[in-house]
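The values are calculated or read from the model by the stated rules, or taken from the named source; none is laboratory data. Keep in mind the model is a prediction, meaning the values are calculated, not measured. All Cβ positions, even for glycine, are placed from backbone atoms using ideal geometry, and neighbour counts span all protein chains on display. Side chains included, ligands, DNA and RNA excluded: accessible areas come from the protein's heavy atoms. Shrake-Rupley method; radii C 1.70, N 1.55, O 1.52, S 1.80 Å.
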Amino acid sequence: MNHKISFAGPSITEKEVSYVLDAVQNGWYEHCEDYIKRLEKAFAEYVGVKYAIAVHCCTHALHLACAALGLGEGDEVIVTDFSWVATAHAVAYTGAKCVFADVEPDTWTIDPDCVRKAITPRTRAIMLVHSFGQPAMMDEIMKLAEEYGLFVIEDAAPAVGAEYHGKKVGSFGDFSCFSFQGAKMTVSGEGGVLLTDSEDLYRKAYRLSDMGRTDREAVFWSDELGYQYTISNLSAALALAQLERVDDLMQKKRNLFERYDSDLGGIGKIRLVREREGCRSNYCYPSLLLPGVLQEKRDRILEALRARNIHARPAFPRMSRFPMYEQRFENPVCAAIEQKGICLPSAANMTDEDVDFVCDTFLELL
């Protein structure tokens, strides 16, 4: 291939350019938060919740959620073992302990049965992930949360637009968090947003995101230890333009997956990750499992793809194996995904011909 087939990347149009240019030229003085406020309002309305806080990155949103819920030393949070490590680190920043649960083999999202087995008297919250845009089993998770009196945080970093039984992901938990990082479907380079329906939790999180500032006793007065997590007006301008194009961007991802499914879906050696009935995935990162392949061969395939300018990537390693965490459960499904999983390229500039070339090359190597 005479051009790089990137793993991920954005679609940028004149809309994005015009919003960012306007923010550069006019987004100062009394207009210094215009795009931030517009983004927060638009995102909350899109997902169907009351409150939004736009932040510098999704990791900050996850941390704010944990901090605003008062998680700390002695608490346990049940976390999927399959995710980018920010999911677990955000819990650990508070001093709370991660207890890692296995995922479902068909969607790579947290398994509610494994969540139940992981609950102890110390459990305070469930941190689930809508993995690669696949909705988690929210009915079962919310029932568990109600039964045991637990908080729920939705890590929806790559899942904007995804739906569970007709309802947007991010609208179920006490908090939800989305990402605008450059490899996501809607981007601002770096950026994220924290959502909640609770006014009390919103006020706590907002105060923490703004250095704990209250101005209660004097201008610049802070009543608690806080963080500088707010997004810039420039980044918000780009994110807003992307959000306003979200349906088109999501359809592009779904079209790419349909092409992959057409080329690879009927091959027995390959198990594609598909949306569950009643759910709608944004297919942010089309993924597959090679059940009969050893990890060494999977890795050789990825190396050979990269040598041909195709940038696929392996699935995440289990976070429970990292030296800073504890492995309480073996989580065999996560282990199989770690060893045999592949995420296929899904950059917005890919053509049908690119997908066909990826698939033909992949099958040749397999």
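Computed values, structure above
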{"quantity": "Positions within segment 239-258 being touching a residue at least 12 places away in the same chain (Cβ under 8 Å), more than 14 Å from Ala162 (Cβ to Cβ) and open to solvent by less than 80 Å² (accessible area, probe 1.4 Å), in sequence order", "calculated": "Ala239, Leu240, Ala241, Gln242, Leu243, Arg245, Lys252, Leu256"}
{"quantity": "Residues within segment 258-273 that are touching a Ser or Thr at 6+ places or on another chain (Cβ under 8 Å) and in a loop (DSSP other than H, G, I, E, B), tallied", "calculated": "1"}
{"quantity": "So Ile36, is it open to solvent by less than 70 Å² (accessible area, probe 1.4 Å), in a helix (DSSP H, G or I) and among the β-branched types (Val, Ile, Thr)", "calculated": "yes"}
{"quantity": "Residues of segment 308-327 classified as without any contact (Cβ under 8 Å) to a residue 40 or more places away in the chain and open to solvent by less than 90 Å² (accessible area, probe 1.4 Å), total", "calculated": "2"}
{"quantity": "Residue under evaluation Trp28, criteria (1) more than 25 Å from Asp210 (Cβ to Cβ); (2) out of contact with any Gly (no Cβ under 8 Å at 6 or more places or on another chain); (3) not aliphatic (A, V, I, L, M), criterion not met", "calculated": "(1)"}
{"quantity": "Every residue from segment 151-172 that is within 15 Å of Thr107 (Cβ to Cβ) and assigned to a loop (DSSP other than H, G, I, E, B)", "calculated": "Ala156, Pro158, Ala159, Ala162, His165, Val169"}
{"quantity": "Test: residue in segment 1-24 that is under 22 Å from Ser176 (Cα atoms), in a helix (DSSP H, G or I) and in contact with a helix residue (DSSP H, G or I) (Cβ under 7 Å, 6 or more places away or on another chain)", "calculated": "no"}
{"quantity": "Qualifying residue in segment 43-62 (condition: outside the structural domain of Gln327 (by the TED database), without any contact (Cβ under 8 Å) to a residue 60 or more places away in the chain, within 22 Å of Leu208 (Cβ to Cβ) and assigned to a loop (DSSP other than H, G, I, E, B))", "calculated": "no"}
{"quantity": "Top-ranked residue of segment 61-117 - restricted to ones that are among the acidic types (Asp, Glu) and out of contact with any strand residue (DSSP E or B) (no Cβ under 6 Å at 6 or more places or on another chain), ranked as least open to solvent (accessible area, probe 1.4 Å)", "calculated": "Asp102"}
{"quantity": "Every residue from segment 274-293 that is under 19 Å from the mean Cα position of the chain (by Cα) and either closer than 19 Å to Ala335 by Cα or assigned to a loop (DSSP other than H, G, I, E, B) (or both)", "calculated": "Arg274, Glu275, Arg276, Ser281, Asn282, Tyr283, Cys284, Tyr285, Pro286, Ser287, Leu288"}
{"quantity": "Residue in segment 142-165 that is open to solvent by 10 Å² or more (accessible area, probe 1.4 Å), among the acidic types (Asp, Glu) and within 14 Å of Ser281 (Cβ to Cβ) present", "calculated": "yes"}
{"quantity": "Residue within segment 267-283 that is assigned by the TED database to the domain that holds Ala42, of a type in the set (S, T, N, Q), buried (at least 17 other Cβ atoms within 10 Å of the Cβ) and modelled with pLDDT of 95 or more present", "calculated": "no"}
{"quantity": "Residues satisfying the stated conditions in segment 173-192, i.e. open to solvent by less than 40 Å² (accessible area, probe 1.4 Å) and in a loop (DSSP other than H, G, I, E, B)", "calculated": "Gly173, Phe180, Gly182, Ala183, Lys184, Met185, Thr186, Val187, Ser188, Gly191"}
{"quantity": "Candidate set from segment 200-217 (those that are on the phi < 0 side of the Ramachandran plot and part of a loop (DSSP other than H, G, I, E, B)); member that is least open to solvent (accessible area, probe 1.4 Å)", "calculated": "Thr214"}
{"quantity": "Of all residues in segment 160-193 being of a type in the set (Gly, Ala, Ser) and farther than 25 Å from Lys204 by Cα, the one that is farthest from the chain's Cα centre (by Cα)", "calculated": "Gly166"}
{"quantity": "Conditions (1) in contact (Cβ under 8 Å) with a residue 40 or more places away in the chain; (2) open to solvent by 10 Å² or more (accessible area, probe 1.4 Å): number failed by Leu195", "calculated": "(2)"}
{"quantity": "Residue match in segment 223-238 (condition: open to solvent by 60 Å² or more (accessible area, probe 1.4 Å), in a loop (DSSP other than H, G, I, E, B), under 30 Å from Glu33 (Cβ atoms) and of a type in the set (A, V, I, L, M, F, W, C))", "calculated": "yes"}
